[in-house]
1. Out of B:Ala247, B:Ala335, B:Ala280, B:Ala331, which single residue is outside any strand (DSSP E or B), in contact (Cβ under 8 Å) with a residue 40 or more places away in the chain and not charged (D, E, K, R)?
2. Here is a check on your reading of the model: is B:Lys412 basic (Lys, Arg) and out of contact with any Asp or Glu (no Cβ under 9 Å at 6 or more places or on another chain)?
3. At pLDDT 95 or above, within 26 Å of B:Thr346 (Cα to Cα) and surrounded by fewer than 19 Cβ atoms within 10 Å (Cβ to Cβ): which single residue out of B:Asp115, B:Asp90, B:Asp107, B:Asp72 fits that description?
4. Since A:Gly107 meets every condition but one in (1) touching a residue at least 60 places away in the same chain (Cβ under 8 Å); (2) in contact with a helix residue (DSSP H, G or I) (Cβ under 7 Å, 6 or more places away or on another chain); (3) within 14 Å of another protein chain (Cβ to nearest Cβ); (4) not in a loop (DSSP other than H, G, I, E, B), which condition does it not meet?
5. Can you name the residue in the range A:44-62 that is loosely packed, with under 15 Cβ neighbours inside 10 Å and more than 20 Å from A:Val127 (Cα to Cα) and is also farthest from the other protein chains (Cβ to nearest Cβ) among such residues?
6. Would you be able to say whether some residue in the range A:63-71 is within 11 Å of chain B (Cβ to nearest Cβ) and buried (at least 23 other Cβ atoms within 10 Å of the Cβ)?
7. Under 8 Å between Cβ atoms, which residue pairs at least 6 apart in sequence (or on different chains) link something in the range B:432-460 that is in contact (Cβ under 8 Å) with a residue 60 or more places away in the chain with a partner that is aromatic (Phe, Trp, Tyr) and part of a loop (DSSP other than H, G, I, E, B)?
8. Within the bounds of the range A:32-43, is there any residue that is under 22 Å from A:Ala117 (Cβ atoms), assigned to a strand (DSSP E or B), within 11 Å of chain B (Cβ to nearest Cβ) and not charged (D, E, K, R)?
Amino acid sequence: MASKIVTLRVNDREEEFLARPGTTLLGALRDTLGLTAAKRGCAQGACGSCNVLVDGKPVPSCLVPVETVDGAAVATLEGVAPTGDLDEVQAAFLEDFATQCGFCTPGMIMTAEALLAENPDPTRAEVVEAISGNVCRCTGYEPIVNAILDAASRRRSA
Amino acid sequence: MSYRLSPIDTQYFAPDHEGDDFTVIGSVVTRSDALGHVTGRTEFFEDVRPSGLLHLKMHRSTRHHARLAGVDSSAALAVPGVVRVLTGADIPNNLYTPLKLINVEPDDEPILAVDKVRYLGEPIVAVVAETEAAALAGAAAVRVDYVDLPPVFDVEEALADGAPIVNEYHGKNYFTYEGHHCRRVRLGDVDAGFAEADHVFEWRYQSSPIEQAPVETTGCTVVPQPDGRLRIHSDTQACFFTLDNTALILESDFNKLRIVGGTVGGGFGGKVDVVVEPVACVAAMVTGRPVKFVYGRHEEMQVSSPRAAERIYIKDGVLADGRIVARQVTAYIDAGAYSRHTPYGTTKAAAHFPGPYTIPNVRIDCHCVYTNRTPSSAMRGFGVTIGDFALESQMDRIARELGMDPLRLRLKNAYRDGDMKAHRKRAEGTALIEVMQKAAELVGHELPDEYRRMSSLEAR
């Protein structure tokens with residue numbers, strides 16, 4: 001199989017690169033584009049630490065062959081606050097102590113961003129459901145759920 | 001956002017604080033690393049991507065216990081992209097044990113297996129390649145001829161006569177503590193205690209190995225520096241421990257190594273061993289290029305050292321009123337094939353028994369046993385937590401047998417300030433009685449006056 005030219009709109013920036021067969025979206029983001037916020041935890045779609053948004057939907061980027069999303073818009077944590085001003089989700093995670101080791105945080109935040117874009121006023125059960133594919137082995141789920149609810153409320157009153 | 005804070009009696013601590021400016025307790029302090037976490041700028045070891053990076057993958061034992069009759073890496077070297085293979089002969093000092101830093105002996109574990117393998121997944125040949133895929137293909141292409149040896153997986157079978165010897169460096173299937181076959185604690189006369197008791201209860205407890213399962217797998221990237229030093233980006237939980245052990249394995253001056261670490265994507269004890277850095281350093285030295293060695297999820301589950309499995313027998317002599325007058329604990333702690341941190345964990349277990357209770361007659365035997373299972377090591381309170389599971393299960397079962405409130409049984413036997421513990425440390429600041437009284441009150445568990453009046457500050 002030959003390598004392919006892939007174009008992506010990543011965090012509102014046009015990117016074009018050559019992808020070898022078998023390159024995942026996660027591999028392209030981290031190794032080709034140098035965007036390392038998305039993490040490799042399991043490389044089998046089970047932990048959610050590589051979650052990014054593809055056309056607004058959260059996906060485990062370790063399972064996505066990059067040529068299958070040619071032309072898509074991709075959002076990673078680096079693009080959430082490019083100027084350094086935290087958005088509501090980041091601010092809530094920071095202030096509500098929703099991070100411990102930090103390894104699951106990028107995937108958690110991107111999943112939360114997708115949820116709040118679709119549902120600005122989620123119930124606690126809806127938040128729990130939304131992050132059910134994101135593993136936090138430090139088991140800090142309570143503060144994470146609280147932070148996402150807090151972020152929703154901050155965004156609604158902003 | 002609101003914080004629920006208990007009022008603090010600042011007067012109580014006032015004399016300690018005189019002249020100090022203590023302001024943290026009661027205030028909100030942001031974690032120093034949280035801003036990096038929420039913006040994705042925290043740099044974990046795998047986020048460091050030096051140019052010219054090589055990838056290391058391991059060919060691992062497919063047997064639990066076998067002699068190595070032959071190792072053939074020629075097919076691995078023929079895989080396009082494979083740069084180098086490493087065997088035990090390439091490691092300057094191929095034998096170690098991590099706790100040698102605190103004088104634990106003997107060295108009992110090779111970095112890469114040479115004569116035999118002692119557990120499933122033991123590393124034999126390291127394959128270094130231009131890409132991760134080539135390293136994996138190369139590792140899969142290594143051919144190993146085994147002569148199978150009988151394995152032993154059970155701690156008590158391992159100690160029986162005629163059991164296969166797992167680890168020749170020990171000569172026996174147990175760690176030797178100052179000439180003794182187990183770590184022992186003795187207080188009073190246990191047999192006299194059993195004779196005096198109205199009841200004798202003995203039960204057996206068994207735990208399984210527990211994997212720490214960090215979301216970030218174990219790994220490191222080693223970058224050779226122009227000045228000849230090696231810069232090691234690692235997710236170890238123990239930077240200096242790793243540095244010292246790696247220097248001993250490389251037979252290198254300590255100041256030739258620099259560890260960049262402290263950012264750990266979950267550890268829980270599972271990243272205290274020194275398993276990826278030494279071989280990655282050797283690969284970086286022989287190739288002169290940066291090398292990454294990171295476990296896949298399967299390796300993390302299969303070969304990273306778990307919490308030890310423990311088998312614990314507790315025999316108690318108990319008076320009719322619930323006072324425990326004798327406790328005998330025999331624990332078998334499964335080190336797996338190599339020591340790692342389990343000789344230390346076993347000592348912790350011995351010191352922790354007989355639990356937070358004052359018992360006049362105690363006999364503790366804690367065995368650190370070698371089997372053909374994955375080496376066990378550190379995890380959150382290792383050596384203590386499984387013992388607590390056994391001890392507190394034992395207390396509940398005794399209470400049930402005596403038809404007694406389990407809380408009262410514990411209050412009656414709880415240690416108090418000034419009591420001598422079995423390992424000859426005087427108990428201080430126990431507060432166990434007060435914690436149980438408060439817990440009982442919080443859950444509405446009624447206690448008679450004599451139990452509510454108990455105090456850890458009053459001699460029994």
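The values are calculated or read from the model by the stated rules, or taken from the named source; none is laboratory data. These numbers were taken from a predicted model, which means no experiment stands behind them. Cβ sites come from the backbone with ideal geometry, for glycine too, and all protein chains shown count toward neighbours.
1. Going through B:Ala247, B:Ala335, B:Ala280, B:Ala331 in turn, the sole match is B:Ala280.
2. no
3. Result: B:Asp107 is the single residue among B:Asp115, B:Asp90, B:Asp107, B:Asp72 that is at pLDDT 95 or above, within 26 Å of B:Thr346 (Cα to Cα) and surrounded by fewer than 19 Cβ atoms within 10 Å (Cβ to Cβ).
4. (2)
5. A:Asp55
6. No: the range A:63-71 contains no residue that is within 11 Å of chain B (Cβ to nearest Cβ) and buried (at least 23 other Cβ atoms within 10 Å of the Cβ).
7. Between residues of the range B:432-460 that are in contact (Cβ under 8 Å) with a residue 60 or more places away in the chain and residues that are aromatic (Phe, Trp, Tyr) and part of a loop (DSSP other than H, G, I, E, B), the close pairs are B:Leu432/B:Tyr415.
8. Checked the range A:32-43: no residue is under 22 Å from A:Ala117 (Cβ atoms), assigned to a strand (DSSP E or B), within 11 Å of chain B (Cβ to nearest Cβ) and not charged (D, E, K, R).
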